[in-house]
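Only one structure is covered here, and it is reproduced in the block below.
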Amino acid sequence: MGKSTLLNRMVGQKISIVSPKPQTTRLRITGIVTRADAQVVFVDTPGHQTSHRSALNRMMNRAVSATLQEVNAAIWVVEALSFEEGDKAVERLLPEELPVVLAINKIDRVSEKQRLLPFIGLMAERRKFAALVPISAAKGTQVGALLDAIVPFMPEGPELFGKDEITTVSGRVLAAELLREKLFRLLGDELPYGSAVEIEQFEEEGDLRRIRAVILVGKSGHKAMVIGKGGGKLKAIATSARQDMERLFGGKVFLEIWVKVRSGWAEDDTALKRLGYAD
Ligand SMILES: Nc1nc2c(ncn2[C@@H]2O[C@H](COP(=O)(O)OP(=O)(O)OP(=O)(O)O)[C@@H](O)[C@H]2O)c(=O)[nH]1
Ligand SMILES: [Mg+2]
C-alpha cells in the first residue's frame, strides 16, 4: 500500500521498513516532521491483519485501533484504482468523527491519468474526507500537498521535539527492524512471517555502534535458509542491514548476527514483550 514508504518520504530517512510483501510493519513507528509553521508526529501502523491468526497478529490489530483513538487526524493510504476487502476492513476501523485525509498512492503506476478522476469520485462518496490527494510515496509526488492537508488538524501548542529529532523509536528497535526488513526482502514467502529479530547488545562508542542481533526463526529448516550455502545468504542480509544502519545512525556499525530456532515465539507473551511487540 505504501504507508511506510510514505512515512520515510515525509521524514527523509528510512525509519520504517518497506518490502513488497504484505504485513511487513509489526510495530508502531513514529516519524516527526518539523516545518516552520508546524510539527507533525506521524504514527505508521501495521496493516490490518486478516490472513494469519496469532497472538502477534491480534496485538497488531489492537495497535491499529488504539492509534486511531489517539490521533488528531489520519492519513488513509489506498492504492490508486484499487479498492478491496482489506481496504473495507480498514475503513470500518476509522472513527466517524476523525478527520481523514485520503492518500491515493502509486499514481506513478497509472499511465492513463484520466482514470484517476472517476476513482477519486467513487472514494469521495464513501466518507466526508478532509482532502483526497493523489500521491506517489515512492517518487515523492504531492507528498508536500498531503502534509499541507493534515497540518490544519494539529492542535496549537509548543513544539514537542527538537528540530533534528525524527522518531521516538529507540536505536535498538530501529536496528532490529532494519535487519528484519532484509528477511522480508531477501528470503522466501513464508519464512519472514515466522521470524523475528532480537537485539542482544547495542553499544555506542562515539559514532561507532556495536550491535549483536539474533534472528529467531520458527522452524529448524529455516535456519539453513537464512544462513544459505556457505553462509552467503546471511552475509548478504548482514551487509545490507549494516549499510542501512550506518546511513540512519550516521556512523560506523559492527554487526554480529546469530540465527536461532525458536518455534512458537509469535504465541509467547514473554517473547513478544522482549521483542518489543507487546507492552
Ligand atoms: N510504484 C510504487 N510503489 C510503491 C509506492 N509506495 C510504495 N510502493 C511499494 O509498495 C510496496 C509496499 O510498500 P510499504 O511502504 O511497505 O507498504 P505498507 O503499507 O507499509 O505495508 P505493510 O507494512 O506491509 O502494511 C513496496 O514494494 C514499496 O516499494 C509508490 O508510490 N509507487
Ligand atoms: Mg509498513
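Here is how the numbers come out for the structure above:
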read-out	value
Helices (runs of 4 or more DSSP H) within the stretch 43-148 that include 3 or more residues in contact with a strand residue (DSSP E or B) (Cβ under 9 Å, 6 or more places away or on another chain) and free of Cβ contacts under 8 Å to residues at least 40 places away in the same chain	55-70, 116-124
Filtered residues of the stretch 7-19 (kept if under 16 Å from Ser136 (Cβ atoms) and within 7 Å of ligand 1 (Cβ to nearest atom))	Val18
Qualifying positions in the stretch 1-29 - more than 12 Å from ligand 2 (Cβ to nearest atom), of a type outside the set (Lys, Arg) and crowded, with 18+ Cβ neighbours inside 10 Å	Met10, Val11
Test result for Val18, in a loop (DSSP other than H, G, I, E, B) and out of contact with any Pro (no Cβ under 7 Å at 6 or more places or on another chain)	yes
Residue in the stretch 235-244 that is assigned to a strand (DSSP E or B), farther than 19 Å from Val18 by Cα and either of a type in the set (D, E, K, R) or touching a residue at least 60 places away in the same chain (Cβ under 8 Å) (or both) present	no
Filtered residues of the stretch 30-61 (kept if away from ligand 2 (no atom under 14 Å from the Cβ) and farther than 16 Å from Asp164 by Cα)	Thr50, Ser51, His52, Arg53, Ser54, Ala55, Leu56, Asn57, Arg58, Met59, Asn61
Check on Ala175, farther than 27 Å from Val33 by Cα and small (Gly, Ala, Ser)	no
Residues satisfying the stated conditions in the stretch 245-275, i.e. farther than 24 Å from Ser54 by Cβ, not acidic (Asp, Glu) and not in a helix (DSSP H, G or I)	Gly250, Gly251, Lys252, Val253, Phe254, Leu255, Ile257
Test: Glu204 is under 22 Å from the mean Cα position of the chain (by Cα) and either surrounded by fewer than 19 Cβ atoms within 10 Å (Cβ to Cβ) or at pLDDT 95 or above (or both)	no
Selection count, the stretch 62-75, where residues are surrounded by 18 or more Cβ atoms within 10 Å (Cβ to Cβ) and not aliphatic (A, V, I, L, M)	0
Flag if Glu159 is at pLDDT below 95 and over 23 Å from Trp76 (Cβ atoms)	yes
Tally, over the stretch 138-164, of residues that are more than 16 Å from ligand 1 (Cβ to nearest atom), closer than 30 Å to Ile107 by Cα and either aliphatic (A, V, I, L, M) or surrounded by 14 or more Cβ atoms within 10 Å (Cβ to Cβ) (or both)	6
Whichever residue in the stretch 23-37 is within 17 Å of Ala176 (Cβ to Cβ) and charged (D, E, K, R) and, among such residues, is nearest to ligand 1 (Cβ to nearest atom)	Arg26
Residue check, Arg212 more than 22 Å from the chain's Cα centre (by Cα), within 21 Å of Ala271 (Cβ to Cβ) and either modelled with pLDDT of 95 or more or of a type in the set (Asp, Glu) (or both)	yes
The stretch 227-259 - residue that is among the aliphatic types (A, V, I, L, M) and within 19 Å of Asp207 (Cα to Cα) and, of those, surrounded by the most Cβ atoms within 10 Å (Cβ to Cβ)	Ala241
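The values are calculated or read from the model by the stated rules, or taken from the named source; none is laboratory data. None of these values were measured; they are calculated from a predicted model. When we count neighbours, we look across all protein chains shown, and the Cβ atoms used for this are built from the backbone with ideal geometry, even at glycine.
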